[in-house]
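Here's the structure, in structure tokens; my notes come after.
The values are calculated or read from the model by the stated rules, or taken from the named source; none is laboratory data. All values reported here derive from a predicted model rather than from experimental measurement. Using ideal geometry, Cβ is built from the backbone for each residue, glycine included, and neighbour counts are taken over all protein chains shown.
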Amino acid sequence: MLVSDDIQALSRAVSGPVALPDSPEFAAETFAFNAATVHRPDVVLGAETAQDVAAGVKWAAERRLPVAVQSTGHGADSAVDGGLLISTRRLQELQIDPVERTARVGAGVKWRTVLEASLPFGLVGLHGSSTDVGVVGYTVGGGLPILGRAHGFAADHVRSMEVVTADGALRRIDAGAEAELFALMCGSKGNLGIVTELEFSLFPLGEFYGGGIIYPGADAALILAAFRDWLPSLPDDASPSISLLRLPEMDFVPEPLRGQFVVHLRFAFLGSSEEGDSLLAPMRAVSRPLMDTAGPMSYLDVDQIHMDPSDPLPFMDGGALLKDLGEETVADLLELAGEGSDCPLLLVEIRPLGGALARAALSRAGELPNAVSGRDAAFLLFVLGFNMPPVAEAVAAFVRGILAAMAPHSTGFTLVNFHGVPGDEADRARAWSPAVYERMRAAKSSYDPGNLLRFGHTITGVPSVT
Ligand SMILES: Cc1cc2nc3c(=O)[nH]c(=O)nc-3n(C[C@H](O)[C@H](O)[C@H](O)COP(=O)(O)OP(=O)(O)OC[C@H]3O[C@@H](n4cnc5c(N)ncnc54)[C@H](O)[C@@H]3O)c2cc1C
């Protein structure tokens, strides 16, 4: 149990604020974008520098207290209970190198900030469906980008990082310095250390075509079959996805669509208006769109492709990698979540993988593949519902139920950023291939033998601190 001397020692060792559960700042310091998750650490540290993170971890290690990290709380799949929570949101350093085509960011930077700084140089980073997400939490989870089929996972393009390991040491690592730790940090989530700074590649952006088509949910069977048949015609520069949406009566939903069950095709394409229109033509003809926003797009509007909520909301989600989108897979999905089903979920989404996502990234990590797994899968199935009364229980049961029912179509694995609530050890292990998992366990034994970093999507196999 912590006594006031302990808290004073932490406050003396750091420059950022330290808050206890009974202090007025505690709620704001621990608040998560996923408002269903309320963290209850023994103490929270608002780190202002990398040295604060190192001092916080060292302080916790001396007291054998577990340590968690949060930037935005977009990935707050489970609550932190006890221990030290380090908030990184004040770590806002940002440097763009337009010549080297790199960005260097502090651990609190969101993708929107990178985008606004890099776009004037004609460069973009590999963010996902919402630029409100934190760069570091997303990237250490692999990072499945909106342009993933063209460029691969975000973790494939990390150049270097600064990381605090469980002994409190601040290390700068890359493909040459502590190569195995570096390779594994790219995809192993927060299991092996807390990143304070990340350097990664940016990509030149030429013409960009993007947006979405919204169809009546009644045509879901037709549209999903057409989607499957259309995919082989697309180049890797095109990244589509499709979802069944039960849209709530909420502000982030465009007025005419509130309360409706619809199918949402999303499309991001690195090319001209003519090519984009021509690629999309078969999907425009398949049913009568209720809304069609696809066309030449300013990249600053990229969040309009998925239209993810930008305000904090309570939600529960989960995901699984699929082997195919064959007739049986589609039929089973529609029986569970199509029109006439009792599905209470906001979103049931299919993201095609393949292209550069399927190719292992050896270039930056020398001979060592990084920890991103699931490259052999054809699709990602992702489901999400609002975790609030009166539907919270039904949503939780449905998230689990739909993933269990779709298991015959799954590879048995998932991506850690889309895993949802971490379950038991076997469930958590589904986020990595067995080979990567064994490498992570070996690294955990060397870098975190006391299992200090043991919240969330944690790996086990090493003795826990008691
Ligand atoms: C609206 C929305 C859209 C999304 N779209 C995509 C998408 O398109 N592609 C995709 O891949 N993912 C996507 N995600 C998932 C998202 O990438 C993960 O939830 C990610 O963990 C969020 O990172 P964060 O830092 O913003 O969140 P946080 O909740 O702050 O962090 C989540 C976890 O990341 C790890 N982490 C955070 N900071 C650090 C650090 N400094 N060092 C080490 N570990 C750290 C920790 O394990 C932490 O628990 C989306 C999530 C939401 C809510």
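Taking region 251-310, which residues are within 21 Å of A150 (Cβ to Cβ) and either assigned by TED's automatic domain parsing to the domain that holds S130 or basic (K, R) (or both)?
R266
Does region 262-280 hold any residues that are more than 26 Å from L247 (Cα to Cα) and in a helix (DSSP H, G or I), and which are they?
Matches in region 262-280: S273, E274, E275, G276, D277, S278, L279.
Given the conditions (1) within 18 Å of the chain's Cα centre (by Cα); (2) more than 16 Å from the ligand (Cβ to nearest atom), which single one is not true for M406?
(1)
Out of D311, D317, D332, D292, I need the residue that is under 20 Å from V133 (Cα atoms) and either more than 22 Å from the chain's Cα centre (by Cα) or modelled with pLDDT of 95 or more (or both). Which one?
D317
Is it the case that G319 is within 16 Å of the ligand (Cβ to nearest atom), surrounded by 22 or more Cβ atoms within 10 Å (Cβ to Cβ) and assigned by TED's automatic domain parsing to the domain that holds D219?
Answer is yes for this residue.
Could you say which residue among P390, P422, P408 is surrounded by fewer than 17 Cβ atoms within 10 Å (Cβ to Cβ) and in a loop (DSSP other than H, G, I, E, B)?
Criteria check complete, one pass: P390.
Run Q304 past the list (1) over 25 Å from A32 (Cβ atoms); (2) of a type outside the set (F, W, Y); (3) at pLDDT 95 or above and report the number of the one that doesn't hold.
(1) is the only condition that Q304 fails.
Would you mind telling me which numbered condition in (1) more than 13 Å from the ligand (Cβ to nearest atom); (2) in contact with a Pro (Cβ under 9 Å, 6 or more places away or on another chain) G128 fails?
(1)
So, V136, is that one of a type in the set (A, V, I, L, M) and near the ligand (Cβ under 8 Å from one of its atoms) or not? I'd like the intermediate steps shown before the answer.
Working: of a type in the set (A, V, I, L, M): yes; near the ligand (Cβ under 8 Å from one of its atoms): yes.
Considered against the rule, which asks whether it is of a type in the set (A, V, I, L, M) and near the ligand (Cβ under 8 Å from one of its atoms), V136 comes out as yes.
Looking only at region 287-309, which residues are surrounded by 17 or more Cβ atoms within 10 Å (Cβ to Cβ), part of a helix (DSSP H, G or I) and either basic (K, R) or out of contact with any strand residue (DSSP E or B) (no Cβ under 7 Å at 6 or more places or on another chain) (or both)?
D303
Filter region 46-88 down to the residues that are of a type in the set (A, V, I, L, M, F, W, C) and more than 13 Å from the ligand (Cβ to nearest atom), then identify the one that is nearest to R172 (Cα to Cα).
A55
Answer with yes or no whether S273 is modelled with pLDDT under 95 and polar (S, T, N, Q). Working first, answer last.
Details: modelled with pLDDT under 95: no; polar (S, T, N, Q): yes.
Judged against the criteria, S273 is not a match.
I'd like to check which strands (runs of 3 or more DSSP E) are fully inside region 148-204 and have at least 3 residues that are closer than 23 Å to L85 by Cβ. It would help to see each step written out before you state the result.
Numbers: elements: 158-164, 170-174, 194-201.
Counting at least 3 such residues, we get 158-164, 194-201.
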